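One structure is given here, and the rest of the page talks about it.
None of the figures in this text is laboratory data; all of them are computed from the coordinates on show. For clarity, every value in this text was computed on a predicted model and none was experimentally measured. Positions of Cβ are generated from backbone atoms using ideal geometry, with glycine treated the same way; all protein chains shown enter the neighbour counts.
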Amino acid sequence: MRTYFAVFRMRFIAAFQYRIVAFSSMTTSLVWGFMSILAYAAFYRVNPDAFPMTFPQTVSYVWINQTFLLWFAVVFTDGDIESTLESGSIAYELARPADLYWRWFTRACAGRVAMSVLRLPALAAAFLLPGILKMTLPPDLIRLLLFVLSMVLALFVTVSFTMLMYVTMFHTISFRGIRLTVTAVTTFLSGGLIPLPFFPASIRGIVEALPFAAMQNIPLRIYNGNITGIDVIYGIGFQVFWLVTLIILGKLAMGYSLRKVVAQGG
Amino acid sequence: MKLYLKYCAINMKSQMQYKFSFFLVIFGQFLSAFTMFFGVLFMFSIINAVDGFTYSQVLLCYASMSMAFSLAELVSSGFATFSGMLANGTFDRILVRPQSSIFQVMASRIDLARLGITAQSVIILCWAVPNSGVSWTWDKILTLCLMIICGSIIFSCLFLIQASFAFFTTEGLEFMNVLTYGGREHGRYPFSIYGKGVLRFLTFVIPLALFQYYPLLYLIGRESSVYYMLTPLFGLLFMIPSCAFFRFGLGRYRSTGS
């Protein structure tokens with residue numbers, strides 16, 4: 001456990017070196033959120049009752065989605081682990097004593113947490129914005145706590161899916177293609193582009209059963225009150241189910257792949 | 001122009017070395033462009049029109065925007081690697097050659113993988129053009145061409161500005177993505193839906209609306225003044241400050257040595 005804590009701390013400190021990057025990504029997320037909300041506002045003006053979420057709910061959804069963009073990113077562009085695979089230093093990684101799966105898992109979590117912490121001021125700013133742009137608090141403290149729990153689970157589900165992606169990278173060198181494809185599919189099916197309740201009913205049933213629905217979909221909707229009562233417990237249970245499944249799959253796949261891994265270069 | 005085609009051919013050869021990788025990248029681009037399209041589709045499955053624009057009119061706007069963006073990305077992907085060129089000294093080699101330095105930077109890399117987005121835009125455009133309810137007379141066709149061509153030039157200018165920032169700083173250039181990628185992503189809807197303030201900014205400061213909103217009004221027949229048709233051409237004035245900014249940066253350039 002101490003080993004993993006050290007790995008986490010090291011990645012965390014490394015990510016904090018890029019404060020200017022963080023500042024500019026904060027500006028980006030504010031502008032992006034601003035534009036998205038204005039677009040939603042135009043849609044809601046047409047007929048506010050046609051949508052599955054109320055307008056303030058959508059506003060909260062957009063802001064958390066924007067500020068925690070990297071928290072929920074299956075493909076995280078720090079490129080650290082990928083470059084290990086690309087340069088062949090995977091050979092060293094394998095020589096180290098701690099379990100590779102959990103070490104990478106910890107490292108992937110740390111990078112996401114650090115970058116998200118750096119972006120938190122943008123979320124704070126969203127509470128101070130005027131008019132329709134203003135972000136609102138959840139109705140009570142219990143909901144806030146459930147939101148935090150669900151956020152942590154969402155991070156783990158996201159990273160456990162990322163681990164599966166890394167395993168496929170053992171077998172191919174087309175990293176860029178894999179990254180693009182995985183980003184497109186996961187962002188869309190997890191509700192990163194538009195919230196899952198906005199999907200047409202016919203495909204919504206399928207999409208909400210996929211592991212991607214256990215990522216940002218659940219915590220964001222717990223926060224904004226789109227999921228209430230007993231459904232919150234179901235949602236969290238759904239996240240736990242996919243987390244366990246993905247970790248087991250990832251461990252198995254990695255164990256299998258490591259037996260035949262090719263170290264690129266020398 | 002001949003020189004540019006030569007650059008193209010060389011790039012194509014080198015990228016085709018890894019065929020599987022190449023097609024996977026194109027596929028990924030294609031897919032990500034399509035998720036954006038589904039976003040629009042799903043919103044319009046809930047309501048019929050936004051700000052008076054119907055689904056097919058919005059698609060026309062989305063397709064031309066995305067087409068303009070992908071052409072710009074295809075042609076000027078060299079700008080994206082510019083900061084790397086400064087860092088490793090390749091730019092010094094460019095400066096001593098007898099060709100415009102902007103041209104050489106631009107042509108240094110032609111990222112054919114961007115064809116994925118282009119392909120997707122072509123498909124949407126092919127659907128939107130007959131279904132938009134526009135009667136395609138010659139002036140409408142000309143307007144659409146102007147939107148796409150001038151649009152890609154203006155996007156290229158934005159990429160040039162982004163590259164020029166590398167003369168001054170190496171980090172935190174991400175904020176320019178708001179204008180480039182953001183312009184493409186939020187430009188899937190006519191800019192007027194974002195309100196007057198945004199529209200004014202995108203008309204007079206960063207002229208994205210000049211090749212999107214105004215000519216679109218002409219296309220769908222809401223405005224019949226010929227000025228609306230020609231607004232993309234006014235947008236080309238944006239080339240002046242962009243090139244000037246590059247020259248200004250170039251004037252302050254000191255080689256990194258090596």
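Below is a table of values for the structure above.
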item	result
Candidates B:Leu31, B:Leu95, B:Leu217, ranked by Gaussian network fluctuation over chain B, Cα under 10 Å, top entry	B:Leu95
Histogram of C-alpha separations across the stretch A:48-135, 5 Å bin width, %	3, 12, 17, 15, 13, 11, 8, 7, 6, 5, 2, 1
Sorted by Cβ density within 10 Å, fewest first, the residues A:Thr84, B:Thr137	B:Thr137, A:Thr84
Least to most buried among A:Arg9, A:Arg259 (fewest other Cβ within 10 Å first)	A:Arg259, A:Arg9
Cα radius of gyration and Dmax for the stretch A:2-258 (Å)	18.8, 61
Estimated D of the stretch B:54-251 in µm² per second, where Rh is the Kirkwood radius over Cα pairs and Stokes-Einstein applies at 4 °C, 1.567 mPa s	74
Among B:Ser14, B:Ser76, B:Ser64, residue whose mean-square fluctuation peaks in a GNM of chain B (springs only between Cα atoms under 10 Å)	B:Ser14
Kirkwood hydrodynamic radius of the stretch B:1-126, Cα pairs, Å	16.6
Per DSSP, loop GluC sites (Glu not before Pro) in the stretch B:103-193 with at most 14 further Cβ within 10 Å	B:Glu171
Pairs of lysines in the protein assembly as shown (C-alpha under 21 Å apart; 8 or more residues apart or interchain)	4
Within a Gaussian network of chain B (alpha carbon springs, distance under 10 Å), most fluctuating of B:Met147, B:Met106, B:Met65	B:Met106
Per-residue mean of C-beta atoms belonging to partner chains within 10 Å, peptide A:40-49	4
Measure of compaction for the protein assembly as shown (Cα Rg per 2.2 N^0.38 Å)	1.00
Cα long-axis angle, helix A:55-67 against chain A (0 to 90 degrees, to the nearest 10)	20
Förster radius 30 Å - calculated FRET efficiency between A:Thr27 and B:Met239, Cβ distance, rounded to 0.05	0.70
Degrees between helix B:19-46 axis and first principal axis of chain B (Cα, 0 to 90, nearest 10)	30
For chain B, the longest site-free run once trypsin sites (Lys or Arg not before Pro) in DSSP loop states with at most 13 other Cβ atoms within 10 Å are removed	B:1-221
Residue-span extension gain [A:Ile132 to A:Ala95] - 0.36 nm each, minus C-alpha spacing	7.8 nm
Share of alpha-carbon pairs per 5 Å distance bin for the stretch B:53-168, given as whole %	2, 12, 18, 19, 14, 11, 9, 7, 5, 3, 1
Pairwise FRET efficiency - A:Ile13 versus B:Val205, Cβ, R0 = 35 Å, nearest 0.05	0.35
22 Å tail of the calculated P(r), the stretch A:119-266, as % of Cα pairs	50
Computed FRET value (nearest 0.05) for B:Ile46 with A:Ile230, which takes r as the C-beta separation and R₀ as 25 Å	0.40
Label-point separation in nm, B:Tyr181 to A:Ile20, each point 7 Å along Cα→Cβ	1.9
Label-point separation in nm, A:Leu144 to B:Ser225, each point 7 Å along Cα→Cβ	5.3
Per-residue [θ]222 nm for the protein assembly as shown (sum of -39500 (n - 2.57) over DSSP H runs n ≥ 4, rounded to 500)	-22500 deg cm²/dmol
Folded to 0 to 90 degrees: helix A:230-258 orientation relative to chain A principal axis, Cα	20
